[in-house]
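Notes to accompany the following structure.
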Amino acid sequence: MVYFADVLILLAFIFVITDFFAMSYGVFTAAGAIFFVVGTVILFSVMPAVPGFFIRIVLPTYITLTVFVLIFVYLGYKAHRTKVKVGEATLINEVGEVTRDIKAGGEGKILINGELWTAYSDYEILKGSKAVIIDIDSRLRLRVKPFETIK
């Protein structure tokens, strides 16, 4: 039984190291953690001289690590569910103020969230009027249309 526990602990280390090199999204690490816990429980339960050590030190360590892992999994899930706050996805449907006239088929400037962007449109939009972003091209130019056309 001691050899079985030793093999489980060895497999645990192999799985954790494998997770550094394989994209398993933590599956190998989770399996390694389970193998390590099961292996050490078996190891300490078959060795009569050390169960006091296991109860006083190893078991509280496992419980503490489990709590931390659960907290980090929860925080990761919560972060994954939040709305995007940066990038082009946040600019679509934003309303900005035109700071330089945009001729139909031409370029101009638009101020959005304190940032000055180059914009182009199929419509003529005069300085001081509002415009809505409908797309961003590969050169980071904003395609806009007049705010009045949105209803």
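Tally up the residues in the range 1-18 that are in a helix (DSSP H, G or I) and over 18 Å from residue 66 (Cβ atoms), please.
The qualifying residues number 12.
Take the conditions under 30 Å from residue 38 (Cβ atoms) and part of a helix (DSSP H, G or I) and apply them to residue 90. Does it pass?
no
If residue 1 meets every condition in (1) out of contact with any strand residue (DSSP E or B) (no Cβ under 9 Å at 6 or more places or on another chain); (2) touching a residue at least 12 places away in the same chain (Cβ under 8 Å); (3) of a type in the set (A, V, I, L, M); (4) surrounded by 13 or more Cβ atoms within 10 Å (Cβ to Cβ) apart from one, which number is that one?
For residue 1, the exception is condition (4).
Collect the residues in the range 115-151 that are charged (D, E, K, R), assigned to a loop (DSSP other than H, G, I, E, B) and more than 15 Å from residue 105 (Cα to Cα), keeping them in residue-number order.
Correct list: 127, 139, 151.
Among (1) loosely packed, with under 10 Cβ neighbours inside 10 Å; (2) modelled with pLDDT of 90 or more; (3) farther than 30 Å from residue 113 by Cβ, which single condition is residue 49 missing?
The one condition residue 49 does not meet is (2).
Any idea which of 15, 72 is surrounded by 13 or more Cβ atoms within 10 Å (Cβ to Cβ) and either more than 30 Å from residue 124 (Cβ to Cβ) or not assigned by TED's automatic domain parsing to the domain that holds residue 118 (or both)?
After applying the criteria, what remains is 15.
Please state which one of 70, 75, 65 is out of contact with any helix residue (DSSP H, G or I) (no Cβ under 6 Å at 6 or more places or on another chain), assigned to a helix (DSSP H, G or I) and at pLDDT 90 or above.
Only one candidate passes the filter, namely 75.
How do the pairs read when you match residues in the range 111-129 that are within 19 Å of residue 91 (Cα to Cα) with residues anywhere that are polar (S, T, N, Q) and surrounded by 14 or more Cβ atoms within 10 Å (Cβ to Cβ), using Cβ under 6 Å and keeping only pairs 6 or more apart or on different chains?
Cβ pairs passing all conditions: 111/99.
Return yes when residue 132 is touching a helix residue (DSSP H, G or I) at 6+ places or on another chain (Cβ under 6 Å), modelled with pLDDT of 90 or more and either over 20 Å from residue 150 (Cβ atoms) or surrounded by 12 or more Cβ atoms within 10 Å (Cβ to Cβ) (or both) and no when it is not.
Considered against the rule, which asks whether it is touching a helix residue (DSSP H, G or I) at 6+ places or on another chain (Cβ under 6 Å), modelled with pLDDT of 90 or more and either over 20 Å from residue 150 (Cβ atoms) or surrounded by 12 or more Cβ atoms within 10 Å (Cβ to Cβ) (or both), residue 132 comes out as yes.
Are any of the residues in the range 26-33 among the polar types (S, T, N, Q), in contact (Cβ under 8 Å) with a residue 12 or more places away in the chain and not assigned by TED's automatic domain parsing to the domain that holds residue 125?
Yes: one or more hits.
The values are calculated or read from the model by the stated rules, or taken from the named source; none is laboratory data. Note that the structure is predicted; figures quoted are calculated from it, not measured. Here Cβ is always computed from backbone atoms with ideal geometry, including for glycine, and neighbour counts include all displayed protein chains.
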